[in-house]
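The values are calculated or read from the model by the stated rules, or taken from the named source; none is laboratory data. Everything numeric here is computed off the predicted structure, so don't read it as measured data. Heads up, the Cβs are rebuilt from the backbone with ideal geometry, glycines too, and the neighbour counts pull from every protein chain shown.
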Ligand SMILES: [Zn+2]
């Protein structure tokens with residue numbers, strides 16, 4: 001009978017340990033535990049197991065939280081690195097595209113004006129090239145010369161445009177290009193040339209061009225907007241070498 005009691009009690013012990021058994025059951029169990037060592041041991045073991053289970057669960061939870069926190073930090077770092085990479089990527093792509101040379105038709109580029117500057121022995125042809133069509137880009141040019149067996153020289157300016165957008169000056173962009181050509185008695189013609197090899201003659205030795213002095217008068221009287229002339233303090237007697245003249249070239253298109 002005692003053995004049966006123990007079996008019944010031990011069947012009930014889990015609910016008792018979990019504190020879900022009824023008062024009547026509790027009373028019965030507690031009565032039995034007073035005298036039964038075996039069932040006391042069984043109950044103790046059961047409580048120990050539950051405690052170790054709780055500790056194990058807590059440890060797992062802490063491990064999980066630690067891992068979660070670690071993963072979260074990893075995600076944040078990864079996101080930051082990715083964002084930086086994307087920004088750098090966009091910047092590099094912009095720089096590459098911005099530096100890419102593009103075709104510009106020689107017929108879309110005009111000589112806005114030219115004049116001859118004589119400085120002692122040296123003679124220089126100063127030109128301002130402008131393209132309405134490509135005004136949002138930089139107009140670039142590379143010079144080369146062809147000299148024939150008699151020493152006659154032709155100068156070629158190979159033109160292209162560069163840049164997605166010209167952010168110079170006030171950001172409206174302007175493709176104007178100041179180009180100076182050194183003239184000597186051998187220079188017979190000057191051409192601009194596009195990437196397809198199309199040529200446009202812009203000067204030859206028989207062409208009549210303004211002198212620097214004539215140019216200054218024309219520039220102040222009829223070319224530059226008056227607010228620009230005033231803003232830069234341009235005067236007929238100002239030295240043409242002064243760089244402010246060349247800055248003002250660009251402004252005309254922004255103001256007019
Ligand atoms: Zn017992």
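A search for C-beta distances below 7 Å between a residue of segment 32-43 that is within 13 Å of residue 14 (Cα to Cα) and any residue that is part of a helix (DSSP H, G or I) and more than 8 Å from the ligand (Cβ to nearest atom), counting only pairs 6+ apart in sequence or on different chains, returns 42/13; 43/13; 43/17. Scanning segment 12-38 for residues that are exposed (fewer than 13 other Cβ atoms within 10 Å of the Cβ), closer than 19 Å to residue 49 by Cα, more than 11 Å from the ligand (Cβ to nearest atom) and modelled with pLDDT of 90 or more gives a single hit, 20. Taken together, the residues in segment 199-233 that are closer than 20 Å to residue 182 by Cα and either without any contact (Cβ under 8 Å) to a residue 40 or more places away in the chain or not assigned by TED's automatic domain parsing to the domain that holds residue 115 (or both) amount to 8. In segment 127-154, of all residues being buried (at least 16 other Cβ atoms within 10 Å of the Cβ) and over 38 Å from the mean Cα position of the chain (by Cα), the one that is farthest from residue 223 (Cα to Cα) corresponds to 153. Residue 50 falls short on exactly one of the conditions (1) within 16 Å of the ligand (Cβ to nearest atom); (2) in contact with a helix residue (DSSP H, G or I) (Cβ under 9 Å, 6 or more places away or on another chain), and that condition is (1).
Consider residue 77 carefully, then state whether it is in a helix (DSSP H, G or I), free of Cβ contacts under 8 Å to residues at least 24 places away in the same chain and outside the structural domain of residue 184 (by TED's automatic domain parsing). Criteria met by residue 77. The residue of segment 96-126 that is surrounded by the fewest Cβ atoms within 10 Å (Cβ to Cβ), among those that are closer than 15 Å to residue 241 by Cβ and at pLDDT below 85, is 120. Of all residues in segment 192-208, none are part of a helix (DSSP H, G or I), over 24 Å from residue 105 (Cα atoms), at pLDDT below 95 and more than 34 Å from the chain's Cα centre (by Cα).
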